Amino acid sequence: MSILEELKRVERLPKEYLKMTMSEKEQRIKEIKQKFGDKLLIPGHHYQRDEVIQFADVTGDSLQLAQVAQQNQSAEFIVFCGVHFMAETADMLTNHKQKVILPDLRAGCSMADMATITQTEKAWEKLINLFDETILPITYVNSTAAIKAFCGEHGGATVTSSNAKKMVEWAFTQKQRLLFLPDQHLGRNTAYDLGISLHEMVVWDPLEEVIVNEYQTPLQDVKVILWKGHCSVHEKFTVGQIEDLRKHRPEMNILVHPECTYEVVQKADLNGSTHFIIETIKKAPKGSAWAIGTEMNLVSRLAKTFKEVEIISLNATMCACLTMNRIDIDHLLWTLEDLEKGNLRNVITVDERTTAFANLALERMLKQS
Ligand code: 13P
Ligand code: SF4
């Protein structure tokens, strides 16, 4: 089901949850979790709010949460604290008996919405006309199940920010060139790291249905076709912010997510997935100072947890992912109380055909990871 169809199912949060105190809500969640035991699994992405992540049985980046879904074949209910594409992935990787539930259906991802299956099929037809059968489609997991299925059906795979390099290397063993969906920045940053020059990359604009060939590259030299999509949270980190810090706080280490633009990633000291960011801070020397370019819930949590290092957001106004933040303690409790009553609301189900092809793409990735 597309996120637009999902939105038709959205119900209003009952008012009673607004009247409860935080400790009442926390207590109820603990009780329900205890009652369900191993029948219930709550995975939580690192961008989730503190009030929610405290109840996660397992936390992780997108790759780790996909691996958890693949490995856990016993929990009857998986209440996924993350966004829609992650819940879809979990549904596809778990068995028929397991139910995946998203506490708030409005928790989509603006980047995933930037590539629809209709746009992708149209683009593919045009690109195949231009490049013949030389292209392999690969997609960032931040995409709909339909896009994953498209990649699976055409011999391609999914990637996450943790394994993008490995997967792009693999992709070049399959075909001469790649279509990288839907995040142009992760695609560009990864390809560049692997020695592909900017001149060997072009951008596919799905709205204009044209190739944007900034460097007038002859078509036979194009190695990567980047889908013109981006993360609206990570695009808020800028070169200006880095230059400002370099001037006023030259001792600061700058650590960003590869969904940031190429220019930002080039000027940063380090870049990597949310898991990489956490591991880097864990290993940071006492007294060191870090400016981090990623979603604010994670940055604030790191600052609270690792008091012996200084941590600030690269963007002083902090960048929040509005959709990740849709999952709050009220929606989590409402979902769990409904579950307790036997009312399964917000179950995420991907149809069988889509699941079969998308799983080809996911399994090609999980095998390499
Ligand atoms: P990772 O946790 O895989 O780094 O992904 C970041 C992200 O933007 C998820 O939406
Ligand atoms: Fe999507 Fe960006 Fe939010 Fe991740 S941070 S869920 S990519 S909008």
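The values are calculated or read from the model by the stated rules, or taken from the named source; none is laboratory data. Quick caveat, the model's predicted, so the values are computed rather than measured. Cβ atoms come from the backbone with ideal geometry, glycine included; neighbour counts cover every protein chain shown. When the accessible area is computed, the model is the full protein with side chains, heavy atoms only, and any ligands, DNA or RNA have been set aside. Shrake-Rupley method; radii C 1.70, N 1.55, O 1.52, S 1.80 Å.
A few notes on this one:
- Residue, farthest from ligand 2 (Cβ to nearest atom), within the range 61-74, restricted to residues that are farther than 18 Å from ARG49 by Cα and crowded, with 23+ Cβ neighbours inside 10 Å: ALA69
- Restricting attention to the range 29-41, the residues that are part of a helix (DSSP H, G or I) and open to solvent by 20 Å² or more (accessible area, probe 1.4 Å) add up to 9.
- The numbered conditions (1) open to solvent by less than 30 Å² (accessible area, probe 1.4 Å); (2) closer than 23 Å to ASP338 by Cα are all true for ASP50 except (1).
- Looking only at residues in the range 301-350 that are crowded, with 17+ Cβ neighbours inside 10 Å and among the polar types (S, T, N, Q), the one that is nearest to LEU18 (Cα to Cα) is THR335.
- Taking the range 42-159 as the region of interest, the helices (runs of 4 or more DSSP H) fully inside it that hold 2 or more residues being closer than 21 Å to PHE180 by Cβ and of a type in the set (A, V, I, L, M, F, W, C) are 62-71, 84-93, 117-131, 145-153.
- Selection count where residues are assigned to a helix (DSSP H, G or I), in contact with a helix residue (DSSP H, G or I) (Cβ under 9 Å, 6 or more places away or on another chain) and in contact (Cβ under 8 Å) with a residue 24 or more places away in the chain, scope the range 305-330: 4
- Residue match in the range 264-285 (condition: over 14 Å from HIS234 (Cα atoms), more than 21 Å from the chain's Cα centre (by Cα) and among the acidic types (Asp, Glu)): yes
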